[in-house]
Amino acid sequence: MPLSQQVCTFFNGDNLLLISKCITIASMGIGAGAGVAMNGTIMPTLTKLSGASAVSFWSQMAHPAKMTQLSSLITAFLGGVGVYYKTKNKYFLYGSLLMLSIIPYTVVMFLPINRELFAFAKSGLADVDGSFARKIVTWNRNQYGRTALNFAALFTTLYGALKEGEGDNKEKPE
């Protein structure tokens, strides 16, 4: 079989579709897991640290955490839309749209507080009045919403993947 035919067979076959489904679901799981780590360990720990230590730690972990969330979001969205395009499994589309909804949620709920937290970190001021600690508590509360969106996307997509095996997403003869 010529190489061009092998490539065509791979990209149009079930193997790539299975890989796409796995990567999509795994990306949603990574986003959900990162959210649980933030809510359950990282942010509660920050509230126990002194102001200067908390500010330093938060400002150093914010960008890598953002990249983890963004890469899992983009991968899950593109993968889910691709699987929907190939299979018409609406649950992959719903999960993708739930992942995409994290962007406006983040813009509304996190950008204002992140600006304040970064400004505080840049200023080098001590957290004398506890304002940084209060903002961390607010940030963590907002993070619960983002974590919930990740889990909603994950469970919606998993449901669709499991339901697909039952044949519910196949075209029904008339």
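For region 86-101, taking the residues that are within 11 Å of the chain's Cα centre (by Cα) and of a type in the set (S, T, N, Q), the one that is surrounded by the most Cβ atoms within 10 Å (Cβ to Cβ) is identified as SER96.
Only one residue in VAL55, VAL83 is touching a residue at least 60 places away in the same chain (Cβ under 8 Å) and either over 18 Å from THR157 (Cα atoms) or over 20 Å from the mean Cα position of the chain (by Cα) (or both), so which one is that?
VAL55
The residue that is nearest to ARG146 (Cα to Cα), among those in region 66-85 that are surrounded by 15 or more Cβ atoms within 10 Å (Cβ to Cβ) and aliphatic (A, V, I, L, M), is LEU73. Checked against (1) surrounded by 13 or more Cβ atoms within 10 Å (Cβ to Cβ); (2) under 30 Å from LYS163 (Cβ atoms), LEU117 passes all but condition (2).
Does LEU78 fit the bill of being in contact (Cβ under 8 Å) with a residue 24 or more places away in the chain and either in a helix (DSSP H, G or I) or under 27 Å from ILE19 (Cβ atoms) (or both)? The answer is no for LEU78.
Conditions tested, residue by residue: (1) touching a residue at least 24 places away in the same chain (Cβ under 8 Å); (2) under 17 Å from ALA153 (Cβ atoms); (3) not charged (D, E, K, R).
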position: LEU46; (1), (2), (3): yes, no, yes
position: GLY51; (1), (2), (3): yes, no, yes
position: HIS63; (1), (2), (3): no, no, yes
position: LYS66; (1), (2), (3): no, no, no
position: LYS88; (1), (2), (3): yes, no, no
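Where a number appears in this text, it was derived from the coordinates with a stated rule and is not lab data. Here the structure is a predicted model, which is why all the values come from computation and not from measurement. Note that we place each Cβ from the backbone using ideal geometry, even for glycine, and neighbour counts take in every protein chain shown.
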